[in-house]
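Everything on this sheet refers to the single structure shown next.
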Amino acid sequence: MRDGIALKSAGHPAMVLVHDVFEKAAHAQATALGMPDLRIYVFPQHRPGEPDEIEIEKAARAAEALDSNLL
């Protein structure tokens, strides 16, 4: 979060990537640090015991969503 805020404060485009379990904390920290409009991309965290096929599909969907957010 702090790196993303530092980059954005310096005038660079920035997006912070966080696991879904940290989404609330990421938004709260961005707001607390004075940058509530910081772009935060949330992606699913690996769940122990999930079959590889499910993890691969989740990764593919996350990559597609990230690509569309960068445009």
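Nothing in this text is a laboratory measurement; each read-out follows from the coordinates by a stated rule. Remember, it's a predicted structure, so these values are computed and weren't measured experimentally. Note that each Cβ is placed from the backbone with ideal geometry, even for glycine, and that neighbours are counted across all protein chains shown.
Close amide-amide hydrogen proximity is noted between residue 16 and 39, 40, 41, each under 5 Å apart and 5 or more residues distant or on a separate chain (H modeled in the peptide plane; Pro and chain starts excluded). A prolate overall shape is assigned to the stretch 1-59, the ratio a/c of its alpha-carbon gyration tensor axes (a ≥ b ≥ c) being 1.5 or greater and a/b exceeding b/c. Ranking of 35, 15 by neighbouring Cβ atoms within 10 Å, starting from the fewest: 15, 35.
Distance between the 7 Å Cα→Cβ label points at residue 9 and residue 47: 3.8 nm.
Dividing the summed -39500 (n - 2.57) terms of all DSSP H runs of n ≥ 4 by the residue count of the chain sets its mean residue ellipticity at 222 nm at -16500 deg cm²/dmol.
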